[in-house]
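Asker: Please see the structure below; I have some questions.
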Amino acid sequence: MLKRRLFARTAAMAALGMFAGISIPSAPAYAETPIKFTLDWKFEGPSAGFLLALDKGYFKAEGLDVTIDSGNGSVEAIPRVATGAYQMGFGDINSVMKFLDEDPTQKVKAVYMVYERPTFAVVGRKSLGVTGDPKSLEGKKLGAPPPDGAFAQWKAFKQVAKIDDSKIDIQSIGFPVREPMLAKGDVDAVFGFAFSVILNLKAQGIADDDISTILMAEHGLNLYGNSVLVNTDFAEKNPQAVKGFLKALAKGFADSVKNPEEGVAAVLKRNETLNTDIELQRLNMANAMNIKTPYVIENGMGGVDPARLAASIETLKVSVGLKGNVKAEQVFDASYLPPKTERMLP
């Protein structure tokens, strides 16, 4: 009898709750999968696609609790992901190849190509004798941050561009002083990502017509650039989370291409010291040069040409001394990609 009375009382309370408009959860909500994501660099225009996916709830809609941190270079993002300190990140795929070539047991792999053409460049000043011709670097003083992805390709680039480096003086410099040193004339040119160096130089007061840009991709270096990386242990245990992340990211990048002003607004929320006009230029440059390329327009964003990726390994044997311990399928895993129709850019 007691059990019956308790049951009746419980049923009555539930009914009362419905009539009163009180929501009584029938089951506990599922926890969102946490993902810590590291960028390659500071919050700047080109990071808009990642930030829009976060701010517009695309990650959350896939059941993910994503946090995005700034980085210290496209090379340093790799060990962050490989060690599991971050589940996912954004880094240079060529440096991933070297990382895995040195130790194939490392827990990192690329899963989504963002910079279909790498941003690797040598940027100089015409007033210091550097033009758009790679051979104009001969006899010059170049500044190179050691962790920089562009500098990592110097050996291969000077070979394909037929540069005589016997009289080139390369100085090791830090990222914070790279553009100031070039602006002062302490070096004649610097290695870096084109959109970052060019606009940072302009912020230093250097006029457009004094800036010369040598894009490595336009002078024989047929490599890929930065991609989304994943810790392979995390991916094996959470394949749907990785797929959901990339599905959300595709929407974020589509938005940043369609409405770059919205993307820059998301960036400035994280770094109010930035200049809106400069970051809009930086994002538009990245979209045009590296993200919305002819290949991506035809094939969608995120994927790679396996033959081209395999050929890049041969190039890297020259530039960074790969020993041949890594194959293309060990570097890039396309199985997490959304369908092509979801990866087309506007």
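Asker: Residue by residue through segment 151-156, which ³J(HN,Hα) values in whole Hz follow from phi under the Karplus form 6.51 cos²θ - 1.76 cosθ + 1.60 (θ = phi - 60°), with glycine and proline marked x?
Answerer: 4, 4, 9, 4, 4, 6
Asker: Now for a separate question. How long are the semi-axes of the equivalent ellipsoid of segment 57-141, taking √(5λ) for every eigenvalue λ of the Cα gyration tensor, in whole Å from largest down?
Answerer: Value: 34, 18, 11 Å, ordered largest first.
Asker: Find the centroid of the Cα atoms in segment 79-106 and in segment 248-326, then give the distance between the two in whole Å.
Answerer: For segment 79-106 versus segment 248-326, the Cα centre distance is 18 Å.
Asker: I would also like to ask the following. Can you list the residues, at least 5 places off or on another chain, whose amide H is less than 5 Å from the amide H of G302, using H built in the peptide plane?
Answerer: Those lying under 5 Å, H to H, from G302 are M113.
Asker: Right, next: Residue by residue through segment 214-222, what is 3J(HN,Hα) from phi via Karplus (6.51 cos²θ - 1.76 cosθ + 1.60, θ = phi - 60°)? Round to whole Hz and write x for glycine and proline.
Answerer: 10, 7, 4, 5, 8, 10, x, 9, 8
Asker: Given H placed on each backbone N at 1.01 Å, which residues far from I35 in sequence or on other chains put an amide H within less than 5 Å of it?
Answerer: D65, V66, T67
Asker: Given a 10 angstrom Cα cut-off, can you work out which residue in F253, F175, F120 is the most mobile in a GNM of the chain?
Answerer: Result for the chain, Cα springs under 10 Å: F175 fluctuates most.
Asker: Take the Cα pairs of segment 224-346, get the Kirkwood Rh, then feed it into Stokes-Einstein at 4 °C and 1.567 mPa s and tell me D in µm²/s.
Answerer: 79 µm²/s
Asker: In the set [x] 46; [y] 35; [z] 24, which value of percent of Cα pairs over 32 Å apart was calculated from the structure you see?
Answerer: Answer by label: [y].
Asker: Enumerate the calculated ³J(HN,Hα) couplings along segment 246-257 in order (Karplus 6.51 cos²θ - 1.76 cosθ + 1.60, θ = phi - 60°), each rounded to whole Hz, writing x wherever the residue is Gly or Pro.
Answerer: 5, 4, 5, 5, 4, 5, x, 6, 4, 5, 5, 6
Asker: Pull up the DSSP beta bridges for the chain and report the antiparallel fraction as a percent, rounded to 5.
Answerer: Working: 21 of 36 bridges.
Once the DSSP bridges in the chain are tallied, antiparallel ones form about 60 percent.
Each reported figure results from applying straightforward, stated rules to the coordinates on display, with no laboratory input. All values reported here derive from a predicted model rather than from experimental measurement.
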